[in-house]
Amino acid sequence: MENYDIAVIGSGPGGYVAAIRSAQLGYKTVIIEKYDTLGGTCTNVGCIPTKALLDSTHHYAEAHHQFRQHGIITDKVELDFSQMYKRKSEVVVKNTDGLHFLMNKNKITHLKGTAEFINNSTIKIVNGTESKEITAKNYIIATGSKPSSIPGVEIDKKRIISSTEALSLKEKPQSMVIIGGGVIGVEMASIFSRIGTKVTILEYADHLIAAMDHELGKTLQKILRKGSVDIRLNQAVYKAESSDSSARVFFKDKNGAEDQLEAEYVLVAVGRMPYVQGLGLENTNVEIDNHGFIKVNANNQTAVSTIYAIGDVIGGAMLAHKAEEEGVFVVETIHGKKHPIHYNRIPSVVYTWPEVASVGYTEEYLKKNNIAYNVGKFPFSASARARASMDTDGFAKVLVDPKYGEVLGVHIIGARAADLIAQGVIAQEYEVTAEDMFRISYAHPTYSETLKEAYLIASGQGAVNI
Ligand code: FAD
Ligand code: NAD
């Protein structure tokens, strides 16, 4: 029987990063993936293909709505939907190929098949009619998550679809109802509304992207509405039905008033659930919680000390970079050196346009916990860089401790917020003050200057006007 130091189950951002770090530290490493390609949800049907389509549709929308103002006249802007999807798939292949290359380069054994524990120390890998058993000194479960639904709504993958099916449509949908105004809901709404699909979002909460600072969701709502997305808040969907050519969704508001909508597709985006089917956890002492997430301790160890778990399958923020951090953390813990993860300093990004990005505490959290704070907020409409590019929607907001000036939270909705948030992460990780942040030099003109102004305002100095 083959014997490894570390066996990683699942090749998403948690798994492939763990495998690479393991090999770098000299461990005999195997990665097991049931699908043909490496990369998991993120690379195949998540982060990467959605960002490719978000970029393509953003260019399309700019060509339609902004080129003329820039003085660019194109005869006719047309959509080649299949080319847009083809390019998306090519981007995915470049990334999955890159991962196969990295596994070879780091001399990581890659086994294709479904891994199933047969006891606490042995797994069986089944690939079609073939199967083999291996053992490892340590296991890292990184099996990720899959779309979940709500009672009364079955994802039939034809007319009632998840984000996965939305990424392989053959034609531009004429209409789409999206259940859920969370991250997937607003990213998908952006992609399809930009190319002319009539999009409606039905959201249970009273604002979009509810887990983030509420001001972000409220501003995003106005921007998406301007982009002709129909957003209906405080609506609980309880049933969906489909026919050959459409689907119908039933919902009611907080007062019980019922309504229904029909569309070519209903896209379910109400969260994701841990993926542990077929993993054989029942043959081990590994425990799961009431929602099916694998239970781990502060070292990411399960109830079996040699079996670790990381990424979406253990819950918390379902983010690729959170899974990556945990992958490195676990391998380095096995190796005897520990760099703890500060979960509150893991940024969240929503790739709408403008982008939304956040790190640290929200205003709602600070208020609820009676933590004093100063707010510094600066609009992109006052940024010279944003005016030049016609990206004047949004703001940068920083929350700062009034006594010591420590940065408590950074929340941005605006052009390139996804990249700007990195400096908020640094500010918080190294516990620097708002004054430290405004004393450093920011290139002019850049979107980053909105943050400098926000730090100045939070420190009581007032903006210096860009
Ligand atoms: P996954 O990426 O889910 O990978 C798990 C892998 O394990 C899969 O390949 C699966 O086939 C395999 N597997 C499962 N069981 C077995 C088994 N028994 N044997 C062998 N293999 C097995 N996050 C971001 O940070 N940024 C984004 O922009 C972003 N965009 C997203 C867009 C969409 C549409 C979706 C759905 C998600 C997005 N996410 C994004 C979330 C991100 O994809 C996940 O947080 C991330 O993929 C989790 O990584 P993971 O390694 O835990 O698991
Ligand atoms: P989510 O938790 O972000 O949003 C789900 C939304 O559905 C919530 O706002 C909830 O109120 C709503 N909802 C639930 N039941 C409902 C009902 N019956 N009727 C109406 N609305 C209802 O989940 P998601 O958008 O599916 O995303 C799943 C995960 O994928 C998230 O954890 C997210 O972090 C990750 N993801 C991240 C990115 C990114 O980082 N850019 C992109 C996509 C997905």
Shape of region 160-270, Cα gyration tensor, a/c cut at 1.5: oblate
Selected from 408, 425, 309, residue furthest toward positive end of dipole (the chain; charges at beta carbon): 425
Using 1/(1 + (r/R0)^6) with R0 = 22 angstrom and r between the beta carbons of residue 464 and residue 375, what's the FRET efficiency to the nearest 0.05? 0.80
Given axes a ≥ b ≥ c from the Cα gyration tensor, I'd like to know whether the chain is rounded (a/c under 1.5), prolate (a/b larger than b/c) or oblate. oblate
Name the residue from 390, 185, 70 whose Cα lies farthest towards the positive end of the charge dipole of the chain, charges +1 on Cβ of Lys and Arg and -1 on Cβ of Asp and Glu. 70
Roughly how many percent of the accessible protein surface of the chain is carbon and sulfur, given a 1.4 Å probe and a whole-percent answer? 50 percent
Between residue 68 and residue 126, what is the FRET efficiency for a Förster distance of 51 Å, r being their Cβ-Cβ separation, to the nearest 0.05? 0.30
As a percent rounded to 5, the proportion of antiparallel DSSP bridges among beta bridges in the chain is 60 percent
Under a point spin-label approximation (7 Å from Cα along Cα-to-Cβ), what is the residue 101-residue 435 distance to one decimal in nm? 4.9 nm
Euclidean distance between Cα centres, region 389-466 to region 1-64, Å: 32 Å
Looking at the chain, which longest stretch skips every one of the chymotrypsin sites (Phe, Trp or Tyr not before Pro) that is in a DSSP loop with at most 11 other Cβ atoms within 10 Å, leaving the sites themselves out? 1-403
As a test question: what accessible area, to the nearest 10 Å², does residue 444 have when a 1.4 Å probe is rolled over all protein chains in place? 120 Å²
For region 61-88, list residues with backbone N below 14 Å from a point placed 7 Å from the Cα of residue 228 toward its Cβ? 61-62, 64-66, 79
Helix-only CD estimate at 222 nm, as mean residue ellipticity for the chain, using -39500 (n - 2.57) per DSSP H run (n ≥ 4): -9500 deg cm²/dmol
How large is the dipole of the chain about the Cα centre if only Lys and Arg carry +1 and Asp and Glu carry -1, each at its Cβ, rounded to the nearest 20 debye? 420 debye
Whole-number accessible area per residue in Å² for region 354-458, which is evaluated in the context of all protein chains at 1.4 Å: 42 Å²
What spacing in nm lies between the two simple spin-label points modelled at residue 387 and residue 87, each 7 Å away from Cα in the Cβ direction? 3.2 nm
Using a Förster distance of 35 Å, the FRET efficiency for residue 332-residue 290 (Cβ separation, nearest 0.05): 0.70
Write down the accessible area per residue of region 123-224 in Å², having rolled a 1.4 Å probe over the full set of protein chains. 40 Å²
Can you list the trypsin sites (Lys or Arg not before Pro) in region 316-378 that are in a DSSP coil and have 16 or fewer other beta carbons within 10 angstrom? 337, 338
Quick one: Cα centre-to-centre distance for region 247-261 and region 75-151, in angstrom? 38 Å
Could you tell me whether region 70-143 comes out rounded, prolate or oblate from its Cα gyration tensor? Rule is a ≥ b ≥ c as square roots of the eigenvalues, rounded for a/c under 1.5, then prolate if a/b exceeds b/c, otherwise oblate. prolate
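The values are calculated or read from the model by the stated rules, or taken from the named source; none is laboratory data. In this text, all values refer to a predicted model and were calculated from it rather than measured experimentally. With ideal geometry, Cβ positions are generated from the backbone for all residues, glycine too; neighbour counts draw on all protein chains shown. Please note that ligands, DNA and RNA were not included when accessible areas were found on the heavy atoms of the full protein model with its side chains. Shrake-Rupley method; radii C 1.70, N 1.55, O 1.52, S 1.80 Å.
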